[in-house]
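For reference, the structure discussed in these notes is given below.
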Amino acid sequence: MDRLLRRCRIRSSLARECLAEGLGVYVMILFGCGSVAQVTTSRDTKGEYLSINLGFALGTTFGVYIAKGISGAHLNPAVSLSLCLLGRHPWTHLPFYLVSQFLGAFLAAATVHLQYYDAISSFGALEVTGPNGTAGIFATYPADYLSLGAGVLDQVIGTAALLVCVLAIGDQRNTPAPRGLEPVLVGAIVLVIGVSMGSNSGYAINPARDLGPRVYTYLAGWGAEVFSAGGSWWWVPVVATPLGAVVGSLLYELLVGVHLPDSDTLADELILANHPALELEGKCPDGEIPKPANPVNSQEWLERPTLGSAVCETAIKDAFPKCGGVHSLWGQ
C-alpha cells in the first residue's frame, strides 16, 4: 500500500499546494456551513448562534492542520493576497491558490446541501431570505438594519482583525504560538471574531468562503436573488475582505513588525544565550561585544558544525523562517 501511495505523489509542488488549499477550505466550510444548516433546518432546536461560531472555528482549526505542512494553510484569498504584498508568497502562485480555495468552498457547499437536502426541502420552495430562507446556510447576508457602507466597514474591520492576529502568532520575532498549536489559535481568532462581530452580516472575512457557496446556491436552484438580496450584498465580502486584510497587515507591520529585532540581532542574542562563554571571553572593557574578524550570516553559522550545540542550532532555525515560501505565514 505504501508503495502504491508513493506512486500517487504529485511532482509539481504548486499542484500539491493547490490540492492542500482546496481540501483545507473544503473541511473548513463543511463544518462551518454544516453547523449553520443544522441550526437553520432545526429552527434553533438543535443548536444556536454559538454552535455556528464553534463550527467555523473548529472547521478552520482542522483545515489549517490539514493544509499547513503543504501549502502553509492560507485558506483565504485575502490572506494569500496579503502575504504576496508582504513578499512572503510568490505572486505567480496567487491565482492558483484563489481558484483552489474557491473550488474547495464550492464543493463543500454542495456536500452540505446533499447532506441536508431533505431537511432543506421540507422548508418548501428554495427561498433566499425571510422566515423560510435557507440561502443563508451557505453564504452571508446583511441584517435588515445594515447599510451598504456600514457593511463594507464591518468586513474591513473583521478581516483586518483576523490578519493582525494571524501575523502576530506566526511572527517568530515576536511571541509566536507554540509549534503545532498555531491552527488552534487561528480557530480561536475566528471564534472571537464570530462572537464579537458576527451579528451585522455573518462575518464572512473570506472571499472564497462566501463567493464559492453563493455561486453554488445560484446554480442549485435559489436563483439570481442570491446576488441581488441585501442590496446586491454579494460583492461586499469579495471586495471589502481583501481590503481589510491589507489594512490589517499594514497595521501589524507598521506598528509592531518593523520595531521587532531583525534577524541578525536575533542570531547574536541566540548564540550568546546558548554560549555564555562567548560573551564572557569576548567582552571589551566598555561592555561591548566585538564583531568577529570574518563575520558569517545565520545560514553559514548553521552550516558550521564546530559552532553551537544541537539546541542552539534548533533555536536559530526557529528564528529564521523561510521567506518567499509557502510556510512563511507560520515561520517554518
In Å², and per residue, what accessible area does the range 8-256 have when probed at 1.4 Å with the other protein chains present?
42 Å²
Quick one: check the C-alpha center-to-center distance for the range 128-174 versus the range 54-105, whole angstrom.
17 Å
For the pair Arg7/Asp144, report the inter-label distance in nm, with labels modelled 7 Å from Cα in the Cβ direction.
6.2 nm
Say the dipole of the range 8-256 comes from +1 at the beta carbon of Lys and Arg and -1 at that of Asp and Glu; which of Gly212, Ser201, Leu85 then lies farthest toward its positive end?
Leu85
Could you work out the relative contact order of the range 8-256, using alpha carbon pairs under 8 angstrom and six or more residues apart, expressed as a whole percent?
26 percent
The range 1-43 shape via C-alpha gyration tensor axes, a/c threshold 1.5
oblate
Positive end of the charge dipole of the range 1-159 (Lys, Arg +1 and Asp, Glu -1 on Cβ, about the Cα centre): tell me which of Ser71, Gln101, Thr129 has its Cα farthest that way.
Ser71
Each label point is 7 Å from the Cα along the Cα-to-Cβ direction; what then is the distance between the points at Thr129 and Glu225, in nm?
1.0 nm
Suppose each label sits 7 Å from its Cα in the direction of the beta carbon; what would the Val256-Trp91 distance come out to in nanometres?
2.8 nm
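The values are calculated or read from the model by the stated rules, or taken from the named source; none is laboratory data. Here the structure is a predicted model, which means the values were calculated and not measured. Cβ coordinates were reconstructed from backbone atoms using ideal geometry, including for glycine residues, and neighbour counts include every protein chain displayed. The accessibility values were calculated without ligands, DNA or RNA, using every heavy atom of the protein model including side chains. Shrake-Rupley method; radii C 1.70, N 1.55, O 1.52, S 1.80 Å.
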